[in-house]
Amino acid sequence: MRVHIATDHAGIELSQYLVEHLAADGYQMIDHGPEVYDAVDDYPAFCIHAAQAVMEDRANGLDSLGIVLGGSGNGEQMAANKVRGVRAALAWNISTAQLAREHNNAQVVALGGRQHSPEEGLEIVRAFLSTEFPGDDRHVRRINQIEEFESTGDVSGHLSHVTARPYGDAEAGA
């Protein structure tokens, strides 16, 4: 499996640790940067390029997933999710990493380099990479709704008729 990885300065140590250990596990690691520590770097380009590479690989029939890292992983997840078709999930433990794959068929996992020890981060990523998407009907249906909205701006399916309701007393301006 090919694994694309990107980070910002806050995740660079975890990134280097993951590249070394995952390569030893047999994964083909593609590092999208940065190459050196820079405390004022901008993570969006690194993470977007990694997510784009995952989608390109998958479009070409290659088995590929991605990892994006930062201090918390939040911004990096948001950047990766801007790539059309990407479902990037923030994982903070083994269970959330596995559920991201099992329920959402996430192709990219985000982690916070300041939130986990290198060993813990490695175990979370290994759980993500080794978990398959079983393709249960309910999960496929929900993913299809997300993809429909992404491409058309509309969502159909179960409960799509539910409209927004005002909070409080709308006439009183509350």
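The values are calculated or read from the model by the stated rules, or taken from the named source; none is laboratory data. As the structure is a computational prediction, the values presented were derived from the model and not from experiment. We place every Cβ from the backbone using ideal geometry, glycine too, and count neighbours over all the protein chains shown. Heads up: the accessible areas ignore ligands, DNA and RNA and are worked out on the full protein's heavy atoms, side chains in. Shrake-Rupley method; radii C 1.70, N 1.55, O 1.52, S 1.80 Å.
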Which listed residue, of H116, H103, is out of contact with any Ser or Thr (no Cβ under 9 Å at 6 or more places or on another chain) and farther than 21 Å from G11 by Cβ
H103
Evaluate the stretch 129-140: report whether one residue or more is buried (at least 17 other Cβ atoms within 10 Å of the Cβ) and in contact with a strand residue (DSSP E or B) (Cβ under 9 Å, 6 or more places away or on another chain).
yes
With the structure loaded, tell me whether A53 is at pLDDT below 95, farther than 12 Å from V125 by Cβ and either in a helix (DSSP H, G or I) or among the polar types (S, T, N, Q) (or both) or whether it fails that test.
no
Within the stretch 66-92, can you find the residues that are open to solvent by 60 Å² or more (accessible area, probe 1.4 Å) and either without any contact (Cβ under 8 Å) to a residue 40 or more places away in the chain or aromatic (F, W, Y) (or both)?
N74, M78, K82, W92
From D42, D38, D63, D31, grab the single residue that is touching a residue at least 60 places away in the same chain (Cβ under 8 Å) and open to solvent by 20 Å² or more (accessible area, probe 1.4 Å).
D63
Hey, among S15, S95, which residue is touching a residue at least 60 places away in the same chain (Cβ under 8 Å), of a type in the set (G, A, S) and not in a strand (DSSP E or B)?
S15
For the stretch 60-72, indicate whether the set of residues that are assigned to a loop (DSSP other than H, G, I, E, B), over 14 Å from the mean Cα position of the chain (by Cα) and acidic (D, E) is non-empty.
yes
Selection within the stretch 27-82 - touching a Gly at 6+ places or on another chain (Cβ under 6 Å) and of a type in the set (F, W, Y)
Y43, F46
Read through the list (1) at pLDDT below 95; (2) over 15 Å from the mean Cα position of the chain (by Cα); (3) not small (G, A, S), then give the number of the only condition that Y43 fails.
(2)
